[in-house]
Amino acid sequence: MFVNKKSLAGFTLIEIMVAVSIFSIVAVIAVGALLTANTVNQKAQATKLIMDNLNFAMDSMVFKMRKSGAYYCENDFTSFLPPESYANGKDCLDQNNPGKAIVLTDRSDPGRLYAYFFKVLADGRGIIKFLDNKFGNTENEAITLVAGAIDIDDFRFYVSESPFRRVLISLFGTASIGRGISEFALETVVNERR
């Protein structure tokens, strides 16, 4: 019986090496693209988490301000004064000397006070702190409102008590995201609701 040698022959060694080389190159490119996409996704999630943290801090301030009585602007906060000291509020509209702290009175409980203030830690990182006089009276008893990856460079209040209460809150800083640092700037205005 006559057998055709070409029909029995398989791939040559060179054909197999070329096919494996092409497959390897495609696989390396695909894995590289997948790793890059994963890194970008992780950075996007970290950025979103930090922005959510900042938004929570701002929303917390806005919520308290809208429910509060008087707004009392200060350049520095270390502890609460007696509640009656804050009854009439205090403006701070000077662009060169904005408030770094604000004390709010509670409409339903005149003895209850809330404070939001900016502090620079020993390591040089700036933070926003919140204090409720029901739980403490000094800055050491305040809770931190921002995550450790956030460094607040500047935090300002511009308070106007007349003709109606209004507060402009400005917040500037940086956030450490992975090996990179992103800058941010947030501003919001809180108007009194009647």
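The values are calculated or read from the model by the stated rules, or taken from the named source; none is laboratory data. All figures in this text were calculated on a predicted structure; none of them were measured in a lab. Ideal geometry is used to build each Cβ from the backbone, glycine not excepted, and the neighbour counts take in all protein chains shown. With ligands, DNA and RNA removed, areas are computed over all heavy atoms of the protein, side chains included. Shrake-Rupley method; radii C 1.70, N 1.55, O 1.52, S 1.80 Å.
The residues in the range 162-194 that are in contact with a helix residue (DSSP H, G or I) (Cβ under 8 Å, 6 or more places away or on another chain) and open to solvent by 80 Å² or more (accessible area, probe 1.4 Å) can be counted, and the count is 1.
A Cβ distance below 7 Å, combined with a sequence gap of six or more or placement on separate chains, defines the contacts here; from the range 143-160, residues that are touching a residue at least 40 places away in the same chain (Cβ under 8 Å) and over 14 Å from residue 187 (Cα atoms) reach residues that are among the polar types (S, T, N, Q) and open to solvent by 20 Å² or more (accessible area, probe 1.4 Å) in the pairs 145/60; 146/53; 147/53; 149/176; 150/53. Being open to solvent by less than 10 Å² (accessible area, probe 1.4 Å), modelled with pLDDT of 90 or more and closer than 19 Å to residue 58 by Cα is the requirement here; does residue 117 meet it? Yes: the conditions hold for residue 117.
Annotation: of all residues in the range 143-161 being modelled with pLDDT of 85 or more and of a type in the set (Ser, Thr, Tyr), the one that is surrounded by the fewest Cβ atoms within 10 Å (Cβ to Cβ) is 144. Among the strands (runs of 3 or more DSSP E) confined to the range 80-177, the ones with at least 2 residues that are under 26 Å from the mean Cα position of the chain (by Cα) and either acidic (Asp, Glu) or under 21 Å from residue 50 (Cα atoms) (or both) are located at 113-120, 126-132, 150-160, 166-177.
Cβ separations smaller than 6 Å between residues 6+ apart or across chains give the following pairs from the range 99-116 residues that are closer than 14 Å to residue 190 by Cβ to residues that are part of a strand (DSSP E or B) and of a type in the set (A, V, I, L, M): 114/104; 116/102. Tell me, yes or no, whether the range 96-109 has at least one residue that is under 19 Å from residue 145 (Cβ atoms) and open to solvent by 20 Å² or more (accessible area, probe 1.4 Å). Yes, the range 96-109 contains a residue that is under 19 Å from residue 145 (Cβ atoms) and open to solvent by 20 Å² or more (accessible area, probe 1.4 Å).
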